[in-house]
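> I'd like to ask some things about the structure below.
The values are calculated or read from the model by the stated rules, or taken from the named source; none is laboratory data. It should be emphasised that the depicted structure is a prediction, and the values quoted were computed from it without experimental measurement. A quick note on method: Cβ atoms are made from the backbone with ideal geometry, for glycine too, and the neighbour counts reach across all protein chains shown.
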Amino acid sequence: MNEERFKIRCAVYLFLIKANKIFLIQRKNTGWEDGKYGVPSGHFEKNETVKEAVFREAKEEAGIEIDKDKLKIFHTMHKKSNFDYIDLYFTLDSWKGVPTNAKKEKSDNCRWFSLDNLPKNTLANIRAVENYRKNILFSELGF
């Protein structure tokens, strides 16, 4: 068979949660969903492991250092948008530094929001907060 295989993209998301609040960053100048809030996240780079991608995104977007070995995967989402994605969601109990808006050219601001009161302009896949709270390990979005 000469048919090209179906391709799927993969992204990682880091939920920084403390005292029932989640750290969110507002997107700008990205060309995708600008003005909406999300978490430190991104695609893989060539030859990068999942944990390395989360580590890099935490540093690039939130200005913090994390211990890759303390990452806990809490959710996997199969998402349909312009492309099919597998999104891997992680959290951890501690990090080094204070989360901040470290990538100012791609974000407007950052804040801690109550898990019970997320802003209306939040990315759809950040609804995984409910999956986090209910310990739901897998979901699908956009089908």
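> Can you work out which of the residues in the stretch 17-49 that are outside any strand (DSSP E or B), within 23 Å of residue 130 (Cβ to Cβ) and of a type outside the set (Lys, Arg) is farthest from the chain's Cα centre (by Cα)?
Let us first name the residues in the stretch 17-49 that are outside any strand (DSSP E or B), namely 19-20, 28-36, 39-40, 44-49.
Of the ones still in play, those that are also within 23 Å of residue 130 (Cβ to Cβ) are 19-20, 32-33, 35-36, 39-40.
Pick out the ones that are also of a type outside the set (Lys, Arg) and you get 19-20, 32-33, 35, 39-40.
Details: 19: 19, 20: 17, 32: 14, 33: 14, 35: 16, 39: 5, 40: 5 Å.
Of everything passing the filter in the stretch 17-49, 19 is farthest from the chain's Cα centre (by Cα).
> Next question, about the same structure. Output the number of residues of the stretch 94-110 satisfying the condition of being loosely packed, with under 14 Cβ neighbours inside 10 Å, in contact (Cβ under 8 Å) with a residue 24 or more places away in the chain and not acidic (Asp, Glu).
Taking the stretch 94-110 and keeping what is loosely packed, with under 14 Cβ neighbours inside 10 Å, we get 94, 96-98, 104-105, 109.
Within this subset, residues satisfying the condition of being in contact (Cβ under 8 Å) with a residue 24 or more places away in the chain are 94, 96-98, 105, 109.
After this cut, where a residue has to be not acidic (Asp, Glu) as well, the list is 94, 96-98, 109.
The total comes to 5.
> Report, ordered by the first and then the second residue, all pairs with beta carbons closer than 7 Å, sequence separation of six or more or different chains, a first member in the stretch 34-59 that is more than 15 Å from residue 99 (Cα to Cα), and a second member that is aliphatic (A, V, I, L, M) and outside any helix (DSSP H, G or I).
Partner pairs satisfying both residue conditions: 36/123; 42/11; 42/12; 43/11; 50/12; 50/88; 51/71; 53/12.
> Within the group 3, 61, which residue is within 16 Å of residue 126 (Cβ to Cβ) and either surrounded by fewer than 16 Cβ atoms within 10 Å (Cβ to Cβ) or at pLDDT 95 or above (or both)?
Numbers: 3 fails: within 16 Å of residue 126 (Cβ to Cβ).
That would be 61, the only listed residue that is within 16 Å of residue 126 (Cβ to Cβ) and either surrounded by fewer than 16 Cβ atoms within 10 Å (Cβ to Cβ) or at pLDDT 95 or above (or both).
> Can you report the number of residues in the stretch 25-54 which are touching a strand residue (DSSP E or B) at 6+ places or on another chain (Cβ under 9 Å), hydrophobic (A, V, I, L, M, F, W, C) and modelled with pLDDT under 95?
Of the stretch 25-54, the ones touching a strand residue (DSSP E or B) at 6+ places or on another chain (Cβ under 9 Å) are 25-30, 33-44, 50-51, 53-54.
So of that shortlist, the ones also hydrophobic (A, V, I, L, M, F, W, C) come out as 25, 39, 44, 50, 53-54.
From what's left, modelled with pLDDT under 95: 44.
So the answer is 1.
> Scan (1) free of Cβ contacts under 8 Å to residues at least 40 places away in the same chain; (2) of a type in the set (Asp, Glu); (3) over 27 Å from residue 139 (Cα atoms) for the single condition residue 67 breaks and write down its number.
(3)
> Could you pull out the residue among 91, 100 that is in contact with a helix residue (DSSP H, G or I) (Cβ under 8 Å, 6 or more places away or on another chain) and over 30 Å from residue 143 (Cβ atoms)?
Values: 91 fails: over 30 Å from residue 143 (Cβ atoms).
The conditions single out 100.
> Out of 22, 73, 17, 8, which single residue is closer than 14 Å to residue 123 by Cα, out of contact with any Lys or Arg (no Cβ under 8 Å at 6 or more places or on another chain) and either modelled with pLDDT of 95 or more or surrounded by fewer than 12 Cβ atoms within 10 Å (Cβ to Cβ) (or both)? If you could, list the steps in order and put the result at the bottom.
On the way: 73 fails: closer than 14 Å to residue 123 by Cα; 17 fails: closer than 14 Å to residue 123 by Cα; 8 fails: closer than 14 Å to residue 123 by Cα.
The match here is 22.
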